[in-house]
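Right, one structure below, let's go through it.
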Amino acid sequence: MPFFSNLLPEGYLREYLAGLAGVNQEREFHLLWALGRDLPGAVTVEPASGEEWPPAMENESAPDAGRRKKALRFSLAGIQLKFSAVRDVEAGKGLTIPASGVGGSWSVKLPSLRFEGMPENEYALMTLARLVGIDVPEIQLIDVGDIANLPEGIGNLPGPAVAVRRFDRRAEHPVHTEDFAQVFGVYPENKYRTASYRNIATVLGAEAGEADVEEFIRRLTFCTLTGNADMHLKNWSLVYPDKRTVALAPAYDLVSTLPYIEDEEAALRFARTRRFDGYTPDELSYLAGKAGLPETPVLDTARQTAEHFHDVWQREKNHLPQRWQVTERIDAHLGTLSSRRPGIG
């Protein structure tokens, strides 16, 4: 079912964790069995008969028992290589990855060999978002050497890692979350299709409060101005802090994709268009009308966010740790938006 499929990692992270567990990464039921001790949100999966590991299927060789002793039995959604970690002040390290990967309250994303400077990019954009007034978790840049108990076989990775405090973890209990692929019943491979930002706004308008709708518009404006073409359905989530009342979860995975992907379109349609330069007052008015939202607060929030963003960006862009290519591409993007249409801000 899509809800459970979306609890599992994707891409290289999926391949890596499945390999450690000796599980075929295409067999999602078995992968969930292996990783179900520590899943996103407040969900855990336990085998009904108490077996620790799934059996080998027909035409598959029996998994190596020694390798399974080193398996990491957690799941974090996404493609990037990341681990769940805990703070370990006594050990003299910033963060420690538990032996089984279970129980961490921080998500540590390692440097990418494909996209250089991604941790610095995310740290800078998340910091910038906080200064603009967006709700973001605690975040820090950390030397890879200051992460204790890194698993074997990940190689030498250049640059720092980025650590983000998990909003789905509290000392007393996990906090239930649902990303919007789960909300809409969409499999991960369709996270760029099927729904739009207008659909997300409709859910927030019906199930959450006015403050959450304004926060959504604030983030949508921010991502448009910074050129984030990867805010798909799995990069927006709901959280249930009291196990019943729904709210928009804090922002995560805020980056500028411009240095890596030559794309002038958002991951999803706003309402009628994906184009960044189509994010206009007229498009937002249409979005508000279709989503059943009051138009004036939506437009005011977008305008105020854009004005605030430009002030903060000019003040902070040379003091944040992103690489110069990120700064250069965002500046060029902002110039393009300004020259093509009289848009938000």
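The values are calculated or read from the model by the stated rules, or taken from the named source; none is laboratory data. On a predicted model such as this, the values are computed, not experimentally measured, just so you know. When we count neighbours, we look across all protein chains shown, and the Cβ atoms used for this are built from the backbone with ideal geometry, even at glycine. These accessible areas exclude ligands, DNA and RNA; they are computed on the full protein's heavy atoms, side chains included. Shrake-Rupley method; radii C 1.70, N 1.55, O 1.52, S 1.80 Å.
Only sites in a loop by DSSP and with at most 16 other Cβ atoms within 10 Å count here; which chymotrypsin sites (Phe, Trp or Tyr not before Pro) in region 85-172 make the cut? Passing sites in region 85-172 are Phe115.
Helix 118-132 and the longest principal axis of the Cα set of the chain meet at an angle near 50°.
With a 1.4 Å probe and all protein chains left in place, how much of the accessible area of the chain comes from carbon and sulfur atoms, in whole percent?
Numbers: 7660 of 15690 Å².
Looking at the chain in its full context, I get 49 percent from C and S.
So what's the Cα pair-distance distribution over region 163-227, bin width 10 Å, in %? Bins of 10 Å from zero give 17, 37, 41, 5 percent of pairs. The accessible-area ordering, largest first, of the residues Thr96, Thr336 stands as Thr336, Thr96, per a 1.4 angstrom probe.
Against the main long axis of the alpha-carbon atoms of the chain, helix 210-226 sits at an angle near 90°.
What trypsin sites (Lys or Arg not before Pro) does region 220-296 have in DSSP loop regions with at most 10 other beta carbons within 10 Å?
On the way: sites: Lys234, Lys243, Arg244, Arg269, Arg272, Arg274, Arg275, Lys290; in loops: Lys243, Arg244, Arg269, Arg272, Arg274.
In loop regions of region 220-296 (DSSP not H, G, I, E or B), the sparsely surrounded trypsin sites (Lys or Arg not before Pro) are Lys243, Arg244.
Mean sequence separation of contacting Cα pairs (under 8 Å, at least six apart), scaled by the length of region 135-255, corresponds to a relative contact order of 31 percent. Within the same chain, lysines fewer than 8 places from Lys191 are excluded, and of the rest, those with a Cα less than 26 Å from its Cα are Lys82, Lys109, Lys234, Lys243, Lys290.
Evaluating 6.51 cos²θ - 1.76 cosθ + 1.60 at θ = phi - 60° for every residue in region 2-18, the Karplus couplings come out as x, 4, 6, 4, 6, 7, 9, x, 10, x, 5, 4, 4, 4, 5, 5, 5 Hz, glycine and proline recorded as x. Take the Cα of Gln325, go 7 Å toward its beta carbon, and none of the backbone nitrogen atoms of region 135-154 fall under 16 Å from that spot. At a threshold of 8 angstrom on Cα-Cα distance, excluding pairs fewer than six apart, so keeping six or more, what relative contact order does the chain reach in percent? After rounding, I find 16 percent. Average accessible surface for the chain: 45 Å² per residue, computed with a 1.4 Å probe over protein heavy atoms with every protein chain in place.
Across the chain, how large is the tail of the calculated P(r) beyond 31 Å, expressed as a percent of all Cα pairs?
Numbers: 20641 of 59340 pairs.
Distances greater than 31 Å cover 35 percent of the Cα pairs.
Looking at the chain only, what percent of DSSP beta bridges run antiparallel? Nearest 5 please. Mind dumping the intermediate values first?
On the way: 23 of 26 bridges.
The answer is about 90 percent antiparallel.
Rounded, prolate or oblate for region 158-280? Axes are the square roots of the Cα gyration tensor eigenvalues, ordered a ≥ b ≥ c, and the cut-off for rounded is a/c under 1.5. Numbers along the way, then the final one.
Working: a/c = 1.79, a/b = 1.25, b/c = 1.44.
Oblate shape, in that a/c is at least 1.5 and b/c is the bigger or equal ratio.
Between the helical axis of 324-340 and the longest alpha-carbon principal axis of the chain there is an angle of about 40 degrees. Loop-located GluC sites (Glu not before Pro) in region 7-51 (DSSP state other than H, G, I, E, B) with a sparse environment of at most 15 neighbouring Cβ atoms within 10 Å: Glu26, Glu51.
Histogrammed with a bin width of 5 Å, the alpha carbon distances of region 220-292 distribute as 3, 15, 22, 21, 18, 12, 6, 2, 0 percent, first bin at zero.
Amide H contacts for Asp38 (H built 1.01 Å from N in the peptide plane; partners 5 or more residues away or on another chain; cut-off under 5 Å): Ser75. In units of the rule-of-thumb radius 2.2 N^0.38 Å, region 205-338 shows an alpha carbon radius of gyration of 1.08.
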